[in-house]
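Scroll down for the structure; my scribbles are underneath it.
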Amino acid sequence: PWWKMLIYLLRDWYENWRYISSQDAIVVVDQLNQRAVKTYFGREAIVVRNGPDLAHFSYRERTPPQGSVRLLTSGIFFPHRRFEDAIGAVGELARLGISAELDIIGDPAGDPAYAQKLSNLVSELGLGERIHFLGRISEGELINRYHTNDIFLYPHHLQSDGLAPFEALATGMPVIVSRSAGAHEILTDGETGLLINPKDPAGVARAVKKLLDSPALYQKLSQKGASFVRANFSWQRYTDGILKVYQRVRGRG
């Protein structure tokens, strides 16, 4: 409604005037947020990308899946996660005669209404035996899923960078990432991941099938993706980037 938009605009103006304008520097994790800062606050933000704990998310050599595939996605339940696209992809794959199962890691308490919508969709599509809502799991179970599932799906729409796809890559799991998620900005399609259009369950299914049809591509994405993350991302690199921002700000003083 127009009155709600007006409230949001007034709140944005106040927060920009009261808080944002006084900041010496604004740091974001990707170009998606960098553009948002420029659009809404009129400020130039600095991109410093975070990264997974590479010792924690250990690499494991993969065997390309044959006959069936086990998919994985994760995130606190919010509509922009687009879990429905991953669920729809399982249905698309079934119509192609491909046996696929999907594990969804995440706390449904973030948006119970969205969680119910997903549950209803699973029932409507008759995928109750193929879709598994795992809820919140332990860190050990998370790493186990990264090591044992075959492909990680990141269909999120207008989602900032996110650690999950890079955690998956670090373990050697090939990833399929939406072009509207910040993580796609630094991945190379067909080299370190597969990129898909947002809100496209059929596109997710096509990407999964592409990996199933080409074991060589699967292994390439697994190995190159892991090498790319390990060469370019870590908490040490993140802290180094933040320290450079501090030094730049101090230098201006």
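A compact table of results
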{"read-out": "Cα lying deepest toward the dipole's positive end in region 160-253, options Gly193, Ala216, Asn232, charges on Cβ", "value": "Asn232"}
{"read-out": "All-pairs alpha carbon distance profile, the chain, 10 Å steps from 0, percent", "value": "7, 27, 33, 20, 10, 2, 0"}
{"read-out": "Semi-axis lengths, Å, region 110-253, gyration tensor of Cα atoms, sqrt of 5 times eigenvalues", "value": "30, 20, 16"}
{"read-out": "Extreme residue, positive dipole direction of the chain, given options Ser21, Ser138, Gly203 (C-beta unit charges)", "value": "Ser21"}
{"read-out": "Relative packing of 142-149, 240-247, which averages over residues the other C-beta atoms within 10 Å, highest first", "value": "142-149, 240-247"}
{"read-out": "Potential lengthening between Asp24 and Ser227 on full extension [0.36 nm per residue; Cα-Cα distance subtracted]", "value": "69.6 nm"}
{"read-out": "Inter-label distance for Lys117 and His80, nm, one decimal - labels placed 7 Å from Cα along Cα-to-Cβ", "value": "1.4 nm"}
{"read-out": "Largest to smallest accessible area among Arg49, Arg18, Arg95 [probe 1.4 Å]", "value": "Arg95, Arg18, Arg49"}
{"read-out": "For region 23-134, alpha-carbon Rg and Dmax in angstrom", "value": "18.7, 56"}
{"read-out": "The chain - mean residue ellipticity at 222 nm from DSSP helices (-39,500 (n - 2.57) per run, n ≥ 4, rounded to 500)", "value": "-15500 deg cm²/dmol"}
{"read-out": "Whole-Å distance, taken between Cα centres, linking region 156-206 and region 30-103", "value": "5 Å"}
{"read-out": "Nearest-ten-degree value, helix 235-252 long axis tilted from longest Cα axis of the chain", "value": "20 degrees"}
{"read-out": "Alpha carbon Rg of region 186-239, scaled by the compact-globule rule 2.2 N^0.38 Å", "value": "1.33"}
{"read-out": "Å³ per residue enclosed by the Cα convex hull of region 84-136", "value": "62 Å³"}
{"read-out": "Charge dipole magnitude, Cβ of K and R +1, D and E -1 - the chain, Cα centre, debye nearest 20", "value": "680 debye"}
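The values are calculated or read from the model by the stated rules, or taken from the named source; none is laboratory data. Remember, predicted model here, so these are calculated numbers, not experimental data. Cβ sites come from the backbone with ideal geometry, for glycine too, and all protein chains shown count toward neighbours. The protein model used for the area step is the full one, side chains on, heavy atoms only, and it has no ligands, DNA or RNA in it. Shrake-Rupley method; radii C 1.70, N 1.55, O 1.52, S 1.80 Å.
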